[in-house]
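The values are calculated or read from the model by the stated rules, or taken from the named source; none is laboratory data. All values reported here derive from a predicted model rather than from experimental measurement. Note: ideal-geometry Cβ built from the backbone for every residue, glycine included; neighbour counts use all protein chains shown. These accessible areas exclude ligands, DNA and RNA; they are computed on the full protein's heavy atoms, side chains included. Shrake-Rupley method; radii C 1.70, N 1.55, O 1.52, S 1.80 Å.
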Amino acid sequence: MYGRVLGVTLLGVGGHLVTVEAFVGRGLPSLTFTGLPGAAVQDARERIRPAVEHAGLEWPLRRVVVNLAPGNLRKEGPGLDLPIAAALLVATSQVKGREAAGWAFAGELSLKGELLPTPGVLSVAIAAARGGLGGVIVPQANALEAAQVDGLRVVGVPSLREVVALLKGSWSPPAAAPATVSTDVVDGVDLVDVRGQLQARRALEVAAAGGHNLLMVGSPGAGKTMLARRLPSILPAPSREEALEASQLHSVAGLLTGRGLLRSRPFRAPHHSISTAGLLGGGTTVFRPGEASLATHGVLFLDELTEFRRDAIEALRQPLEDGRVIVTRAAGSVEFPARFTLVAAANPCPCGYHGDQRRHCRCPDHRVQQYRQKLSGPLLDRIDLRLRVPRLTKEELLGADGGESSARVRDRVESARERQRARYVAHGVLCNAHLPGPVVRRETRLAAGAEDLLARAVDALALTGRGFDRALRVGRTIADLEGADRVAPTHLAEALSYRTGFDGEEDLARAG
């Protein structure tokens with residue numbers, strides 16, 4: 001007796017169709033898996049029989065062999081429980097093969113036959129649609145996320161008993177309707193709450209308009225964290241393609257259960273004790289996205305940047321440059337998207353008051369230098385905007401009014417982003433920060449006097465090739481915010497003013 005259905009296994013963020021074959025033949029009662037099953041799949045032999053029997057179905061007291069094809073692809077995760085059970089039911093004629101044809105099955109089974117929430121169901125639905133299948137049967141808790149894939153019938157089912165009834169035509173729930181649910185970005189935050197900090201507010205606007213990375217250095221209580229948490233409030237809404245990619249990463253991480261597409265840009269703020277694998281992703285056999293990937297098309301906020309493990313933050317060099325993370329282990333290699341805007345905050349020294357106008361720094365010079373050396377030059381060179389955030393004055397603290405609201409700033413950001421999308425449509429780039437270096441120099445048109453200013457800055461600020469390109473990108477973004485076709489000297493001067501960070505104003509004075 002033979003049965004065959006289709007399931008999906010995950011490799012990184014992508015789903016791959018798996019042919020699940022079941023053969024029931026003569027021999028002592030047993031259940032054997034072939035086809036490179038992982039540990040979670042091997043554990044299924046202890047879950048599936050109780051699930052089948054609890055659903056009122058018959059378990060064959062014979063030798064059962066389940067093959068997972070293709071055999072050269074390792075099958076991981078509990079999502080293959082349901083297709084294995086379905087293949088067995090087809091092999092024992094409890095379900096007809098033609099009834100199971102055209103469906104992809106995914107879901108973890110409990111011992112009572114219930115379908116439990118399963119990570120990666122959105123990737124399962126995408127793989128089923130690309131494979132030309134007509135529908136997918138998933139746990140009821142995951143139906144909403146799977147329904148975001150166009151042209152695919154999605155049925156959320158509570159248990160194995162209903163799966164059999166569905167295939168036989170005696171139970172027909174409505175297909176899950178697409179819906180939108182926001183991310184975990186906190187509502188109610190607004191730039192109008194921020195007092196003073198005009199340069200920092202302007203830097204946030206420039207970062208949002210061009211997708212630029214930002215580092216804020218200042219004393220404790222200056223408002224760095226408050227500013228960073230308001231960046232999402234001025235970012236434009238993601239496109240459907242961006243929302244789908246971000247949602248897929250959250251689905252693989254098990255963070256999308258019961259929700260549809262993410263309609264707000266993600267905001268991830270990991271603690272400084274996070275490991276390299278937690279930040280970039282990894283695992284021994286099952287690869288999971290890290291915080292850098294979960295922040296894709298959104299914001300990755302690293303508060304107290306100098307307190308992070310050096311190997312963890314230095315590992316961010318690749319995603320900051322390429323927008324992707326490649327995780328390599330003995331079991332294989334996978335690639336995760338990691339196109340995020342980095343916002344980092346740091347104190348200027350261990351005590352936090354170096355350069356403060358009101359409080360004296362207690363750190364010896366060698367401690368200050370040692371503290372700053374936690375951040376390497378190549379890493380800082382990948383951060384477009386670096387500025388000092390000063391302590392608020394008493395007039396700013398006691399002032400009655402804040403600055404502009406997030407809504408007004410967001411209008412300018414969206415206009416600037418629209419100009420960039422139109423300008424770079426041939427390059428497939430959405431914003432200035434993601435434009436390749438050679439294209440930056442070719443596409444950035446400088447007004448009279450801007451080239452001379454840039455030449456002086458190369459010597460005074462010791463700009464590297466990467467730093468030169470980043471100054472051009474930031475200048476282009478500032479021009480976009482003003483609706484200018486050419487990058488003027490004033491635009492470049494402002495762009496260069498965002499290259500202070502730990503160093504204060506000395507370099508800018510040299511730049512003239």
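Listed values, structure above:
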item: Region 1-45: number of residues that are small (Gly, Ala, Ser), surrounded by fewer than 22 Cβ atoms within 10 Å (Cβ to Cβ) and in a strand (DSSP E or B); result: 3
item: Filtered residues of region 248-288 (kept if under 13 Å from the mean Cα position of the chain (by Cα), open to solvent by 10 Å² or more (accessible area, probe 1.4 Å) and under 15 Å from THR328 (Cβ atoms)); result: LEU280, ARG288
item: Residue, farthest from HIS16 (Cα to Cα), within region 110-151, restricted to residues that are surrounded by fewer than 24 Cβ atoms within 10 Å (Cβ to Cβ), of a type in the set (A, V, I, L, M, F, W, C) and more than 25 Å from the chain's Cα centre (by Cα); result: LEU111
item: Pairs where the first residue, in region 415-444, is farther than 18 Å from ALA209 by Cβ and in contact (Cβ under 8 Å) with a residue 24 or more places away in the chain and the second is open to solvent by 10 Å² or more (accessible area, probe 1.4 Å) and not β-branched (Val, Ile, Thr), C-beta under 6 Å, 6+ apart; result: GLY437/ASP469
item: Which numbered condition ASP322 misses (of (1) surrounded by 15 or more Cβ atoms within 10 Å (Cβ to Cβ); (2) of a type outside the set (Lys, Arg); (3) out of contact with any Pro (no Cβ under 9 Å at 6 or more places or on another chain)); result: (1)
item: Restricting region 370-386 to residues that are hydrophobic (A, V, I, L, M, F, W, C) and in contact with a Phe, Trp or Tyr (Cβ under 9 Å, 6 or more places away or on another chain), the residue that is most open to solvent (accessible area, probe 1.4 Å); result: LEU380
item: Those residues of region 140-169 which are closer than 27 Å to HIS54 by Cα and among the charged types (D, E, K, R), in sequence order; result: ARG161, GLU162, LYS168
item: Qualifying residues in region 152-161 (those that are under 23 Å from GLY254 (Cβ atoms) and not aliphatic (A, V, I, L, M)) - the one surrounded by the fewest Cβ atoms within 10 Å (Cβ to Cβ); result: PRO158
item: Selection count where residues are open to solvent by 20 Å² or more (accessible area, probe 1.4 Å), among the aliphatic types (A, V, I, L, M) and more than 30 Å from GLN318 (Cα to Cα), scope region 186-223; result: 3
item: Boolean, ALA44 is under 27 Å from THR284 (Cα atoms) and of a type in the set (A, V, I, L, M, F, W, C); result: yes
item: One residue from ARG382, ARG391, ARG386, ARG359 being modelled with pLDDT of 90 or more and either touching a Ser or Thr at 6+ places or on another chain (Cβ under 9 Å) or more than 29 Å from ARG470 (Cβ to Cβ) (or both); result: ARG386
item: Long-range neighbours under 7 Å by Cβ, at least six apart or interchain, first residue more than 26 Å from LEU244 (Cα to Cα) within region 322-349, second of a type in the set (Val, Ile, Thr) and modelled with pLDDT under 90; result: ARG329/THR284; ALA331/THR284; ALA331/THR285
item: Residue in region 56-66 that is within 23 Å of GLY14 (Cβ to Cβ) and open to solvent by 40 Å² or more (accessible area, probe 1.4 Å) present; result: no
item: Residues located in region 113-161, provided they are of a type in the set (Gly, Ala, Ser) and touching an Asp or Glu at 6+ places or on another chain (Cβ under 6 Å); result: SER159
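Yes/no per residue for (1) at pLDDT 90 or above; (2) touching a helix residue (DSSP H, G or I) at 6+ places or on another chain (Cβ under 8 Å):
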| site | (1), (2) |
| --- | --- |
| GLU162 | yes, no |
| VAL186 | no, no |
| ASP193 | no, yes |
| GLN197 | no, yes |
| ALA200 | yes, yes |
| GLY210 | yes, yes |
| LEU215 | yes, yes |
| THR225 | yes, no |
| ALA237 | yes, no |
